[in-house]
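FYI, it's all coordinate maths here, none of it is from the lab. Everything numeric here is computed off the predicted structure, so don't read it as measured data. Positions of Cβ are generated from backbone atoms using ideal geometry, with glycine treated the same way; all protein chains shown enter the neighbour counts.
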Amino acid sequence: MPELPEVETTRRGIAPHLIGRRITSVVLRRPDLRWPIPPEVGALLPGQRIEEVERRAKYLLLHTQVGSALLHLGMTGVLRVLPPDAPVGKHDHVDIALEATTVGARILRFTDARRFGCLLWQPPGTTHELLENLGPEPLTDAFDGDLLWHLSRGRTAAVKLFLMDNAVVVGVGNIYASEALFAAGIDPRRAAGSVSRARYARLAAEVKRILAWAIERGGTTLRDFINPDGMPGYFVRELQVYGREGEPCRTCGTAIRQVVLGQRSTFWCPRCQK
DNA sequence: CGATTCCCCTGGGCGC
DNA sequence: TGCGCCCAGGGGAATC
């Protein structure tokens, strides 16, 4: 389940192989991911040089002069740089072939078993509608406790859902939301509007700390993140609350509890989080 | 506008 | 070993 750290790790992993390299062809084996792949992807990309590989929220953008491929990995999406003759698996939906260099030809392969991912098109000089109305990146100065505090006034939804709202801040997925709220000592069920300014400052700091740590960790396990079923960058043994219902809190020993918020499993320590 | 629910999809785990 | 069942979840879309 790629969260922001895994997407950023993917970007760092593939970018050196892509930037400055020309696309020779595009193979679309499965034209219907979450949404149909628009015709521009196959029609315009061949012949273009990839100028930059950008991440915005959990989206990746491959920029060329004629437009940008917009990718989301969904739940099970994986991007790998492979030799052109790599055997094609059942869920290998897209290949973007790259011109040969001294190391030989390569393809960028998009694999996605559940097809929650997407491959869309963004014309030059435009912002795709999916990228409009997104909140700030969590690792920038634009994201801080005051932002959370201001946006949350009057909000009655659970603070965990508020934290996962992409219009508030992007890239905080289900696992990291539970972990950050634990680290900040905030009950995930609490109404967002009832959390104090000081506690939001703490929460923002913990979100930054945890995401930065996971990105750093992902960078050290680059070879492992290609495992689509793993939890790249974040090891199960290091989770404080996620997936630990009934197990003792690592801080106080109280049994971790689970509740469903917004159709998502949520974990917290009833003693450490208020 | 905000809150809530639904839905897309398939592999993995489990019970029988 | 095989089969049916349930669950996971990013996040847009629809509904209340």
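Tabulated results
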quantity: Ranked list, fewest to most other Cβ atoms within 10 Å of each Cβ, for A:ASP95, A:ASP32; calculated: A:ASP32, A:ASP95
quantity: A:MET75 long-range amide H proximity, modeled H, under 5 Å; calculated: A:PHE116, A:GLY117
quantity: Mean Cβ count within 10 Å, highest first, over the residues of peptides A:8-15, A:47-54; calculated: A:8-15, A:47-54
quantity: Computed [θ] at 222 nm, helices only, for chain A once each DSSP H run of length n ≥ 4 contributes -39500 (n - 2.57); calculated: -7500 deg cm²/dmol
quantity: Lys, Arg +1 and Asp, Glu -1 on Cβ, resulting dipole of chain A about Cα centre, debye, nearest 20; calculated: 760
quantity: Selection from A:THR266, A:ILE210, A:LEU151 lying farthest towards where the dipole of chain A points positive, charges on Cβ; calculated: A:THR266
quantity: Options A:LEU98, A:HIS72, A:SER25, ranked by Cα towards positive dipole end of region A:4-124, top entry (Cβ charges); calculated: A:HIS72
quantity: Lys, Arg +1 and Asp, Glu -1 on Cβ, resulting dipole of region A:4-124 about Cα centre, debye, nearest 20; calculated: 240
quantity: ³J(HN,Hα), Karplus 6.51/-1.76/1.60, whole Hz, each residue of region A:95-106, x for Gly, Pro; calculated: 10, 10, 7, 10, 4, 6, 10, 4, 8, x, 6, 9
quantity: From phi via Karplus (6.51, -1.76, 1.60), per-residue ³J(HN,Hα) for region A:17-27 in Hz, x at Gly/Pro; calculated: 7, 9, 5, x, 9, 8, 8, 9, 6, 10, 10
quantity: Interchain or long-range residues, amide H under 5 Å from A:ARG106's placed H; calculated: A:LEU98
quantity: 10 °C / 1.306 mPa s Stokes-Einstein diffusion coefficient of chain A, Kirkwood radius on C-alpha pairs, µm²/s; calculated: 80
quantity: Proximal lysines relative to A:LYS90, as straight alpha-carbon distance under 27 Å, when same-chain residues fewer than 8 apart are discounted; calculated: A:LYS58
quantity: Chain A - percent relative contact order, Cα under 8 Å, separation 6 or more; calculated: 18
quantity: Region A:4-124: proportion of alpha-carbon pairs further apart than 23 angstrom, %; calculated: 20
